[in-house]
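Any read-out appearing in this document is the output of simple, stated calculations on the displayed coordinates, not a laboratory observation. Predicted model only: the values in this text are computed from it and were never measured. Reconstructed Cβ throughout: ideal geometry from the backbone, glycine too, with neighbour counts over all protein chains shown.
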Amino acid sequence: MKQLQTILQILLCFSLAVSLANPVNKDGLVTLKSGKVVSRNIVGPASWYDAVKDCKSQGFELLTIETEQEWTDILDYFGPDITNRIWIGGTDLGNELNFYWISSGTPFEISSWHAGEPSGNNPTNGIKEDCVHIWNRTGILAMNDAPCELVYPYMCEFYDICARRLY
Ligand SMILES: *[C@@H]1O[C@H](CO)[C@@H](O)[C@H](O)[C@H]1NC(C)=O
């Protein structure tokens, strides 16, 4: 039984490797220049919390953007498709204005925020802005922090169960 399981896993990982070698493959994944593998389709809409859950339930993670190259790739490939707001996996939940990626816990290394953002929690009206979206504000695409309960489309990133990593 154990042997069969191992053989099946080797076959699965082999077909996954072949599949990921194609920029746009049959499973609806896209391999970007940096090597990051994301779902071709923008999905949802849902709250940020439900977006995290939904991506995970399919073996994905809510989009994580760890380098400037990855940010550029996302805009190059998906820019025209992002017409309003798209949740990504950034948050400062539990640590106000210290943003990190929910998939990895890694702090933000990109700083592609809209002017005046992130604005953080509003001390006057108590509204919390703890979750990050890409915002197409009159043709300019940059990040903004917003209340996690708001319902927006979102993007999932492939998590390689064979290599046990994000790209
Ligand atoms: C931004 O949104 C507009 C429509 O609101 C769309 O035409 C455009 O392709 C989007 N993306 C960029 C990069 O401007």
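Just a few scattered comments:
- Mean Kyte hydropathy of 1.0 or more with a Cα span along the axis of at least 18 Å, helices from DSSP in the chain: 2-20
- Taking only alpha carbon atoms, the chain gives an Rg to Rh ratio of 1.02, where Rh is the Kirkwood radius.
- Normalised by 2.2 N^0.38 Å, with N the number of residues, the alpha-carbon radius of gyration of the range 79-167 equals 1.14.
- Farthest positive-ward along the chain dipole, Cα basis, beta-carbon charges - from Asn122, Gly35, Thr106: Gly35
- Once you reduce the range 42-89 and the range 108-145 to the center of their Cα atoms, the two points are 15 Å from each other.
- Unit charges on C-beta of K, R, D, E only; dipole of the chain, Debye: 640
- Lysine pair count for the chain [Cα-Cα under 22 Å; pairs on different chains or 8 or more apart]: 5
- More than 13 Å apart - percent of Cα-Cα pairs taken over the range 37-92: 63
- Applying a DSSP loop filter and a limit of 13 other Cβ atoms within 10 Å to the GluC sites (Glu not before Pro) in the range 63-158 leaves Glu96, Glu109, Glu149.
- Each helix, a run of at least 4 DSSP H residues, gives -39500 (n - 2.57); summed and divided by the residues of the chain, these come to -7500 deg cm²/dmol at 222 nm.
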